[in-house]
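The values are calculated or read from the model by the stated rules, or taken from the named source; none is laboratory data. Treat the numbers as computed from the prediction; the structure is a model and nothing was measured. Neighbour counts are summed over all protein chains in view; Cβ atoms, including those assigned to glycine, are modelled from backbone coordinates with ideal geometry. Accessible surface areas use protein heavy atoms only, side chains included; no ligands, DNA or RNA. Shrake-Rupley method; radii C 1.70, N 1.55, O 1.52, S 1.80 Å.
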Amino acid sequence: MKSFRPTCLLLFMLWIVVCSAGKVDRQQKIGRLYEEALALSREGNSTAARQRLLTILQLDSLYAPACFALADLDHESGAVSDEIRWLKTGLRLSPDTYPPGYRFLAEMLYKKGDYAEALASIERYITFKGEGDPAVALLHASCRFSVEAMAHPLPFHPIDPGDSINTAMDEYWPSLNAEANHLVFTRLVKGNQSKLAQEDFFETWKDSLGWHKALPMGPPIQTPENEGAQTLSADGSVNMGEPVNSGAWESQPSLSADGSRLFFVSSRAGGKGKMDLWMAEKVGTTEEGIPLFDRVSNVEALNTPGNEFSPFLHADGTTLYFA
């Protein structure tokens, strides 16, 4: 009987050579497309860069660098969900080759409110890179706090005060007097072709019929410039001068219920970070009844090298909320 094995073996070897050559050609094409995508991205042509990267994944669905590059493009365009999807895909394909991917994924998951997943991702990053970076330590602590806070929610039942206060514009930073019938807040008033949008103070009063339509506070408090955040004392009137106000940026004040301490945010020199929490103490009252504040100090125990914002001192005088 004639044997076909030598011929079959020869054909098999030829098939290996052809397949190997085809694989090399495909990898070369993928490398070329990837370099083109990076160059196009640097030039700002994200559409063409994305097309190259998607073509790569059609050629090789396991090519993780293309997934990470697509995540970068989605990050630039603000497509959070798509960025998360590509980061997860890339890290699943290549769990150990791109540690920063875990940090980026944690940042996006935290931004989206998926705190448990964000915590797992930043802890995976820390196994590679450690927690020496202050920004990583802050994200790690924020994830841990958020997971714990979500697991132990406090009773909270918000009620819409209605269109006397709320509009299609942004309203924020509300302050109430002690009787809870005088409300002052900030509204971001839309601009037009000749005027930019700006923040202004509005106020409203409540009676038996509910809240009256909010109106601008007007001069002298209202000016052509931004008025962005305020607080009310229990009697409804506070006006600050030096040393609370300085040549730096000050905003977002919160006054204690007894009027003895004022917390605020400032970029002034002498802090630990960019924007810090500061506190001033009441030292007296003018003949006109205006409180005087001094002894301005940095709240060192709470501040970090980053930014601290939005202090709010609870009426109990001992609980301070901030961001």
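Out of the residues in the range 45-73 that are open to solvent by 60 Å² or more (accessible area, probe 1.4 Å) and farther than 23 Å from Arg103 by Cα, state the one that is farthest from the chain's Cα centre (by Cα).
Gln58
A quick yes/no check of all residues on (1) modelled with pLDDT under 95; (2) out of contact with any Leu (no Cβ under 9 Å at 6 or more places or on another chain):
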position: Gln28; (1), (2): yes, yes
position: Glu35; (1), (2): yes, yes
position: Gly44; (1), (2): yes, yes
position: Ala49; (1), (2): yes, no
position: Asp60; (1), (2): yes, yes
position: Glu83; (1), (2): no, no
position: Leu91; (1), (2): no, no
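Tell me the residue from Glu300, Glu288, Glu225 that is of a type outside the set (A, V, I, L, M), modelled with pLDDT of 90 or more, assigned to a loop (DSSP other than H, G, I, E, B) and open to solvent by 30 Å² or more (accessible area, probe 1.4 Å), please.
Just a single option satisfies the conditions, and that option is Glu300.
Show the residue pairs meeting these rules: Cβ distance below 7 Å; 6+ apart or different chains; first residue within the range 249-260 and part of a loop (DSSP other than H, G, I, E, B); second residue polar (S, T, N, Q) and open to solvent by 30 Å² or more (accessible area, probe 1.4 Å).
Partner pairs satisfying both residue conditions: Trp249/Ser267.
For residues that are open to solvent by 10 Å² or more (accessible area, probe 1.4 Å) and at pLDDT 85 or above, scanning just the range 256-267, find the one that is farthest from Pro243 (Cα to Cα).
Ser260
Does the range 160-208 hold any residues that are of a type in the set (A, V, I, L, M, F, W, C), surrounded by fewer than 12 Cβ atoms within 10 Å (Cβ to Cβ) and at pLDDT below 90, and which are they?
Ala180, Leu196
Anything in the range 143-159 that is touching a Leu at 6+ places or on another chain (Cβ under 9 Å) and open to solvent by less than 100 Å² (accessible area, probe 1.4 Å)? List them, or say none.
Matches in the range 143-159: Cys143, Ser146, Val147.
Give the range 96-129 a look and list any residue that's of a type in the set (A, V, I, L, M) and buried (at least 18 other Cβ atoms within 10 Å of the Cβ), or say none.
Result: Leu105, Ala106, Met108, Leu109, Ala118, Leu119, Ile122, Ile126.
Can you name every one of the strands (runs of 3 or more DSSP E) wholly within the range 123-212 that holds 3 or more residues which are farther than 26 Å from Lys111 by Cα and among the hydrophobic types (A, V, I, L, M, F, W, C)?
Answer list for the range 123-212: 182-189, 198-207.
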